[in-house]
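Remarks on the structure that follows.
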Amino acid sequence: MQRVIDAWHSPSLDSRMEIVTYGDYGFPLLMFPTAAADFLEYERFYMIDAMKDSIEAGKVKVFSINSINRESWLHDDLHPEYKALRQVQYNSYVAREVVPFIWNSCQGRIGVITAGASLGAFHCANQLFRRPDLFAGCIAMSGAFDIRAYFEGNYYDDNVYFNNPVDYLPGLEGPELEALRHKDHIHIVTGQGDYETPDASRRLSAILSQKGIPHELSLWGYEWPHDWPTWRAMMKYYIAERF
């Protein structure tokens, strides 16, 4: 399997950001790390190994990037205004830097599928819902989609609102809504075992249904906890069987 690490100084984030690419061909899959992890997390926890057959067969080309969660939602001492502002900068990095990098690697403006587990599920879903012109779908595993859980108090501004799917999706209209209504691969997946919060996925699914956005809500059993064996099984299944 081809594995290439690239990096550049991101003007959006004013930080050096790495990206790793696995494979040569296939549809592009952009993975967002869990919690405060880095671009190699999915490799360390054998997620890439779980998709190895599909990658080597040329079905999927996987890209994995760093998170900025330590500098935003997981920074306990940071005011929510600046947590949300850092998220806006991250959105710019993904849209203006990462997506063009992927298109160049794939030699075409191909719709990118996003994926992530836990806090990575929030990111992968948020990127799709905000920019359906860039992204073709998502695999959001074991996610929570109300970002206000990551700070205390009642602070609220446009940057919080427009990065909180359970808030902005109900009011979504116009071209963005129509674009989402034509997506074939919005997968909201969760286990129901230890430390999982399936009601968060049910809540997001209900909002998508109310807006007429096609999607799949998949609730795995109580034997599937909020942990890596669950996410490896989910990704292996979805990449092999649903794409």
In region 180-235, residue modelled with the lowest pLDDT [restricted to those that are charged (D, E, K, R) and more than 22 Å from residue 164 (Cα to Cα)] | 184
Counting only residues that are under 13 Å from residue 141 (Cα atoms) and aliphatic (A, V, I, L, M), which one in region 170-205 is surrounded by the fewest Cβ atoms within 10 Å (Cβ to Cβ)?
-> 200
Within region 88-126, of all residues that are in contact with a helix residue (DSSP H, G or I) (Cβ under 7 Å, 6 or more places away or on another chain) and either farther than 14 Å from residue 137 by Cβ or of a type in the set (Asp, Glu) (or both), the one surrounded by the most Cβ atoms within 10 Å (Cβ to Cβ) is 117
Helices (runs of 4 or more DSSP H) lying entirely in region 52-162 (those with 1 or more residues that are over 27 Å from residue 214 (Cβ atoms) and among the hydroxyl-bearing types (Ser, Thr, Tyr)) | 80-93, 99-106
Pick out the one residue from 209, 218 that is among the small types (Gly, Ala, Ser) and either assigned to a helix (DSSP H, G or I) or more than 20 Å from residue 135 (Cβ to Cβ) (or both).
-> 209
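State yes or no: is residue 195 aromatic (Phe, Trp, Tyr) and either in contact with a Gly (Cβ under 6 Å, 6 or more places away or on another chain) or under 20 Å from residue 92 (Cα atoms) (or both)?
It is false that residue 195 is aromatic (Phe, Trp, Tyr) and either in contact with a Gly (Cβ under 6 Å, 6 or more places away or on another chain) or under 20 Å from residue 92 (Cα atoms) (or both).
The values are calculated or read from the model by the stated rules, or taken from the named source; none is laboratory data. Note that this is a predicted model, so its numbers are computed, not measured. FYI the Cβ positions are ideal-geometry reconstructions off the backbone, even for glycines, and counts take in every protein chain you see.
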